[in-house]
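Presented below is the structure to which this report refers.
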Amino acid sequence: MQIEPMTMAHIKDVMRIEAQSFPTTWPSDAFFNELQTNKLAHYFIAKIDDEIIGYGGCWVIMEDAHVTTIAVLPEYRGKGYGERILLTLIDEAITRGGAWLTLEVREGNISAQQLYRKYGFTTVAVRKQYYSDNNENALVMWAGNLKSELYRNRLQALRAQLVA
């Protein structure tokens, strides 16, 4: 699998993955705006051969970073691809000066929560009825201090496990 920056040419494939991943999708112009006008946004696609199989994005605002989205085609889930996308987003946040990383995750998405906990995220709040499609709660999760030696060591160990 290769990961590279998302471009406008990728939006059609990203929207296909979006439709298979979320009950309520972002409109394609949201990705367009993120890529064209949001200087804080950093989006990536994951591909195998020439097929885009996943994507993810984050915002980095000074020392705060926020994972906006991660999705992988259903047939590729559970194989470490989403984890590699998350690791890319964490690396991007650190490279751009992020010290803290946050995200929202559906309360019922246990597999995503387990992945985030593996990377040091903890639940700090609940946003009641956050998701408009079914009024499901969102867990607000935070990871940090990304710049610490302890976190760098954790990432190094997790990266080694993922490669193995």
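Tell me which trypsin sites (Lys or Arg not before Pro) from region 1-109 have a DSSP coil assignment and no more than 14 other beta carbons within 10 Å of their own.
Numbers: sites: K12, R16, K39, K47, R77, K79, R84, R96, R106; in loops: K39, R77, K79, R96.
When the trypsin sites (Lys or Arg not before Pro) of region 1-109 are filtered for loop state and at most 14 Cβ neighbours within 10 Å, K39, K79 remain.
Percentage of Cα-Cα pair distances in region 94-164 greater than 16 Å, rounded to whole percent?
When all Cα pairs of region 94-164 are counted, 55 percent exceed 16 Å.
Quick one: how many lysine pairs does region 2-163 have with C-alpha atoms less than 23 Å apart and a gap of 8 or more or different chains? Give me the count, please.
6
Counting other Cβ atoms within 10 Å, keep those with at most 16, restrict to DSSP loop, and tell me which GluC sites (Glu not before Pro) in region 12-105 are left.
Hits after loop and neighbour filter: E63.
Give, as a single signed number, the net charge of other residues whose beta carbon lies under 11 Å from the beta carbon of T69, with Lys and Arg counted +1 and Asp and Glu -1.
Local charge sum for T69: -3.
For Cα Rg over 2.2 N^0.38 Å, the listed values are (i) 0.99; (ii) 1.16; (iii) 1.09; which was obtained by calculation from the structure presented?
It is the one labelled (i).
To check you understand DSSP bridge types, tell me what percent of the beta bridges within the chain (both residues inside) are antiparallel, rounded to 5. Walk me through the intermediate numbers first.
On the way: 32 of 35 bridges.
Close to 90 percent.
In percent, how large is the relative contact order of region 2-163, given Cα pairs closer than 8 Å and 6 or more residues apart?
Relative contact order, region 2-163: 17 percent.
Read-outs throughout are calculated quantities, based only on the coordinates presented, and are distinct from any laboratory measurement. From a predicted model like this one, the values you see are computed outputs, not experimental measurements. Because the Cβ atoms are built from the backbone with ideal geometry, glycine has one as well, and the counts that use them run over all protein chains shown.
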